[in-house]
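First comes the structure, then the notes that go with it.
FYI, it's all coordinate maths here, none of it is from the lab. Please read all numbers here as calculations on a predicted model, not as lab measurements. No Cβ is skipped: glycine too gets one built from the backbone with ideal geometry, and neighbour counts run over all protein chains shown.
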Amino acid sequence: MEIKDILYDILEEIGKPKITISLQKDIVSSKILIDEILSKAIPRIKSEYINSNYLERNLKELKYSFKQDLSKLCESLLHFLLTIATVPSSRKILLEKQELDIVIPEVKILKKYPEKSIIIKFLNDDDSLSFDLIDGISILQPYKKNLWIVSPTDMDCHYKNFILYEKEEFEKYLTESNTYVPNFYVQDNEENYTSKNNEPIVNTYPFNNILLDIEKFLKDSKNKSFRFVHI
């Protein structure tokens, strides 16, 4: 079953109108919603591997494939959330031979005012080519703190990195029985920048915080296209 099909089955189960109303009423609810959706979707993705006898496959191959699917899931989910939250964005853009998954608020602003735009890239941290992709994209976004990477586990990079799990938790989830319920990554330190040069101290962030951070960025940059509606 395709990742998007799994995601949209779950969105139908929860109820798209319910999700929309919840987000428009209080953006903070996005953290709970993201966790709820992922908690339902990820076990279904894992079950697809179980049904195809994945335990007989090489563990390295399994990790790569599973992380690839989790990266696709995060991207599809964020696309959905940006749409219903009416957050301005450009998606799947080819710019100077670099594929940009999401640009906020839009490519035109990235070109003219990179300090007022974010590039979001979804990667598999087990893919050896991921760092090459980051290097290519970084040329288009000279402001390091405005290049955000989403990956299943920590990439140990110098950019803002939104993750689902700590590496040890992911490994345990991968190898334990199907009844094991993994814990999503939780950030201990909420102060992530020094007052001196605004450089990140902590680069790793919970994926469930991404919509809140996008909202904060748009407000802080005083972007006129920002139109998040609260009811």
Quiz prompt | Helix-only [θ]222 nm of the chain, DSSP H runs n ≥ 4, -39500 (n - 2.57) each, per residue, nearest 500 | solution = -14500 deg cm²/dmol
Quiz item: So for M1, M155, fewest C-beta neighbours within 10 Å to most, what's the order?
Solution: M1, M155
Quiz prompt | Rounded to 10°, Cα long-axis angle of helix 210-220 versus longest principal axis of the chain | solution = 0 degrees
Quiz prompt | Most to least packed among 117-124, 137-144 [average Cβ atoms within 10 Å] | solution = 117-124, 137-144
Self-check item: Within straight-line cross-link reach of K60, aspartates and glutamates at Cα separation under 12 Å, skipping those fewer than 8 residues along the same chain
Solution: D126, D127, E171
Practice problem: Could you pull out every one of the lysines with an alpha carbon less than 27 Å from that of K112, ignoring same-chain neighbours closer than 8 positions? | Solution: K92, K97, K121, K144, K145, K160, K196, K216, K219, K222, K224
